[in-house]
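Trainee: If you scroll down you'll find the structure; I have some questions about it.
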Amino acid sequence: MKKIILLTIVSVFVSNVVRAQVNVTFKTGKLPKVEGIVPGLYIAGDFNNWNPGDKNWQLKADGKGYTLTQKLTPGNHQLKVTKGDWDGVESNARGGEVGNREYTISKDTTIVLNIDGWKDGFVPEPVVHTISPNVKILTERFNMPQLMRQRRIWIYLPADYTTSGRKYPVLYMHDGQNIFDQTTAGYGEWGVDEIMDKFPVAKQCIIVGIDHGGNERISEYNPYDSKYGKGKGGLYVDFLVKNLKPYIDDNYRTLSDARHTIIAGSSMGGLISTYAVLTYPDVFGTAGVFSPAYWLAPDIFAYAQKQRLNDYNRFYFACGDEENKEMVPDMQKMAALIKAKGGSAAQSPYLVLKGEKHNEKQWNGSFPGFYEWVVK
């Protein structure tokens, strides 16, 4: 009898899981004229971590256009169409940026994708940089021996750096392309430099931005293997600790102790920032965790539970209430694990922002509150 009851429970559970997803058919409608052969069309969205070349989300030519049927969890979803990378993302008819497509899906449905242009099909407009005068590119090719590759590094220096002679806290941030400059930001910039410029000079810090690795971003920012590949987040964090931070401390006037060393990022960057402090609590004292992609690394919760923290370690959590369904409960779960460790960690706040989505606009709006909390 117990076996029969157990099998019934399992059957109901499986049935509910199956019913939890619906079939969505994507079909192209209007397509821009292009020269040559289009290698393939892909969908990147909040359901595949915005991977622009995800083979599981490739539309297939059907003689009339391109089509794909996939299963999705009902709810609000955002997406864009690409040709396999962000250089080939859809655009307006003049090559300008278009916003994310937004759909509310509740049942089996067909979505027609009308596309006006591709970003790489136009002569680039004149480059207009939006970086503060206090930002410069440290190097285009900083060596990352753990990952056997190189990466561009940005640095923001406080307004009085050249005249004060004093030492400064350092904030390390991922996705360097999106932090300072609209020109390099795929979805809009955080505007961290403009925000920092508004703080009193006495409260400004050094900010180091590390570019993500394009198609390597998911694996570099995930400590664990996932359906997107082998997790290399441990190697990436080792690079920060053993190579980048020593270089910054040797070449700039920094307060190099953990109490004055901060790490922050959004989405996958929020995940790897959490992991960095948990792994190196003696190096990174504080984490800014924005919209963390914990759903791609569920092992992070067991890891957080067993890791020790110092009395001064703390975390700042923030996300929107209109992101994917896992976001708020996952972030609250991690915040509870951190608070249970006591010390400064017990004072780690988490904010759920009403009406906000998974985008740079939210993170730009959240950053000032985070930094006020850091320096108070």
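Trainee: Take Asp120 and decide whether it is under 22 Å from the mean Cα position of the chain (by Cα) and outside any loop (DSSP other than H, G, I, E, B).
Mentor: No.
Trainee: Step by step: first the residues of region 167-192, then only those that are in contact with a Leu (Cβ under 9 Å, 6 or more places away or on another chain) and surrounded by fewer than 21 Cβ atoms within 10 Å (Cβ to Cβ), then the one that is farthest from Tyr275 (Cα to Cα). Which residue is that?
Mentor: Step by step, filter region 167-192, then rank; the result is Lys167.
Trainee: Quick one: which of Gly269, Gly288 is under 25 Å from Asp211 (Cβ atoms), in contact with a helix residue (DSSP H, G or I) (Cβ under 6 Å, 6 or more places away or on another chain) and touching a residue at least 60 places away in the same chain (Cβ under 8 Å)?
Mentor: Gly288
Trainee: Tell me which residues, restricted to region 119-128, are of a type outside the set (Phe, Trp, Tyr), without any contact (Cβ under 8 Å) to a residue 60 or more places away in the chain and surrounded by 11 or more Cβ atoms within 10 Å (Cβ to Cβ).
Mentor: Result: Lys119, Asp120.
Trainee: If the requirement is being crowded, with 19+ Cβ neighbours inside 10 Å and touching a residue at least 24 places away in the same chain (Cβ under 8 Å), which of these qualifies: Ile206, Ile195?
Mentor: The conditions single out Ile206.
Trainee: Can I ask one more? Can you work out which of the residues in region 184-201 that are of a type outside the set (Phe, Trp, Tyr) and touching an Asp or Glu at 6+ places or on another chain (Cβ under 9 Å) is farthest from Gly269 (Cα to Cα)?
Mentor: Going through the qualifying residues, I end up with Val201.
Trainee: Only one of (1) in contact with a Phe, Trp or Tyr (Cβ under 7 Å, 6 or more places away or on another chain); (2) modelled with pLDDT of 95 or more fails for Ile218. Which number is that?
Mentor: Condition (2) is where Ile218 drops out.
Trainee: Something else about it: Counting only residues that are buried (at least 19 other Cβ atoms within 10 Å of the Cβ) and either of a type in the set (Lys, Arg) or without any contact (Cβ under 8 Å) to a residue 12 or more places away in the chain (or both), how many does region 51-84 have?
Mentor: The total comes to 2.
Trainee: Could I ask something else about it? Looking only at region 141-163, which residues are free of Cβ contacts under 8 Å to residues at least 24 places away in the same chain and either surrounded by 15 or more Cβ atoms within 10 Å (Cβ to Cβ) or outside any loop (DSSP other than H, G, I, E, B) (or both)?
Mentor: Arg141, Gln150, Thr162, Thr163 - these are the residues of region 141-163 that are free of Cβ contacts under 8 Å to residues at least 24 places away in the same chain and either surrounded by 15 or more Cβ atoms within 10 Å (Cβ to Cβ) or outside any loop (DSSP other than H, G, I, E, B) (or both).
Trainee: Still on this structure: Among the residues in region 171-179, are any in a loop (DSSP other than H, G, I, E, B) and either outside the structural domain of Ser256 (by TED's automatic domain parsing) or at positive phi (or both)?
Mentor: Looking for residues that are in a loop (DSSP other than H, G, I, E, B) and either outside the structural domain of Ser256 (by TED's automatic domain parsing) or at positive phi (or both), one finds at least one in region 171-179, hence yes.
Trainee: Another one. Going through region 34-50 one residue at a time, which ones are over 30 Å from Pro74 (Cβ atoms) and either among the acidic types (Asp, Glu) or at pLDDT 80 or above (or both)?
Mentor: Glu35
Trainee: Please identify the pairs in which a residue from region 103-118 that is assigned by TED's automatic domain parsing to the domain that holds Val38 and loosely packed, with under 14 Cβ neighbours inside 10 Å has its Cβ atom under 7 Å from the Cβ atom of a residue that is in a strand (DSSP E or B) and among the polar types (S, T, N, Q), counting only partners at least 6 apart or on another chain.
Mentor: Thr104/Asn76; Asp108/Asn23; Thr110/Thr25
The values are calculated or read from the model by the stated rules, or taken from the named source; none is laboratory data. Given the structure is predicted, the values throughout are model-derived calculations rather than measurements. Cβ sites come from the backbone with ideal geometry, for glycine too, and all protein chains shown count toward neighbours.
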